[in-house]
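Input: a single structure, listed below in structure tokens.
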Amino acid sequence: MKEFTLSIVIPVFNERETVTELIETVCATPYRKQIILVDDGSTDGTRELLANFDRPELKVVMHARNQGKGAAIRTGFGAATGDIVLIQDADLEYDPAEYPVLLKPILDGKADVVYGSRFAGHGAHRVIYFWHYIGNRILTFASNLFTNLNLTDMETCYKVFRREMILGIDIKENRFGFEPEITAKIAKIKGIRIYEVPISYYGRTYAEGKKIGWKDGFRALWCIVRYNLKG
């Protein structure tokens, strides 16, 4: 793939403290790109910040009310027109400087989908929340049991797709259940080539704005069974 356009889908909810730096960092990446920010009903001033950005590569979509990360990604996927689609969180836990690592397997013609793994043994990792680590491991293991994949980090934000891989996939989950749902659905595509690459991770505490909770973990387990068995 010599020439391509990258669509970067960024779900945003109450990220006033980080979203400006995140946008500047993403805009500085050396690609022809479409940046789709989906504000999911923010109430902390994020919406007002986003309304002030005026860049040709930037598209801002506003949800009238908070629906969840999965709903924001669904909206972003619907607006994406690039050859490659990448999911980026707005909270600076993941570093856009690592896009070259994420894109390489697709650009080399080896992959259709790439996951950025926080557990593949490379890059800086903030030491935080043992039980989150265990929860991620359990969910990834359960997902692998059903999909017959050998992922190390199913719950990662960094998921990259050749756009045709997600065309026709109906995303139903509105919250964090998106992660096991999309994994189950792409795993069913005949002949799909899925790669993992190691990434860094700069995790946040709940005081710093982390949003996922234990209820989302139980929902993820339900989603693993639901979307692997019934589609």
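The values are calculated or read from the model by the stated rules, or taken from the named source; none is laboratory data. Fair warning: this is a prediction, and the values are worked out from it, not measured in the lab. Glycine gets a Cβ as well: all are built from the backbone with ideal geometry, and neighbour counts include every protein chain shown.
When Lys110 is tested against the conditions (1) of a type in the set (Lys, Arg); (2) in a helix (DSSP H, G or I); (3) more than 13 Å from the chain's Cα centre (by Cα), the lone failure is (2). Pairs are defined by a Cβ separation below 8 Å, a sequence spacing of at least 6 or placement on different chains, a first member in the range 23-49 that is on the phi < 0 side of the Ramachandran plot and surrounded by 13 or more Cβ atoms within 10 Å (Cβ to Cβ), and a second member that is part of a helix (DSSP H, G or I) and of a type in the set (Phe, Trp, Tyr); the pairs so defined are Thr29/Tyr99; Tyr31/Tyr99. Quick one: is Ala72 of a type in the set (A, V, I, L, M, F, W, C), outside any helix (DSSP H, G or I) and within 25 Å of Ser200 (Cβ to Cβ)? Answer is no for this residue. Annotation: Ile8 fulfils all but one of (1) touching a residue at least 60 places away in the same chain (Cβ under 8 Å); (2) within 18 Å of Asn174 (Cα to Cα); (3) in a strand (DSSP E or B); (4) not basic (Lys, Arg); the unmet one is (2). Checked against (1) in a helix (DSSP H, G or I); (2) at pLDDT 95 or above; (3) within 18 Å of the chain's Cα centre (by Cα), Ala142 passes all but a single condition, namely (3). List, please: which pairs have Cβ atoms under 6 Å, are six or more places apart or on different chains, and start with a residue in the range 151-171 that is in a loop (DSSP other than H, G, I, E, B) and end with one that is surrounded by fewer than 20 Cβ atoms within 10 Å (Cβ to Cβ) and among the aliphatic types (A, V, I, L, M)? Going by the 6 Å Cβ cut-off, the qualifying pairs are Thr152/Ala120.
Checking each residue in the range 172-194 for being touching a residue at least 40 places away in the same chain (Cβ under 8 Å), surrounded by 17 or more Cβ atoms within 10 Å (Cβ to Cβ) and closer than 19 Å to Asn148 by Cβ picks out Glu179, Pro180, Glu181, Thr183, Ala184, Lys185, Ile186, Ala187, Ile194. Scanning for something surrounded by fewer than 16 Cβ atoms within 10 Å (Cβ to Cβ) and among the acidic types (Asp, Glu), does the range 84-93 turn up at least one residue? No, the range 84-93 contains no residue that is surrounded by fewer than 16 Cβ atoms within 10 Å (Cβ to Cβ) and among the acidic types (Asp, Glu).
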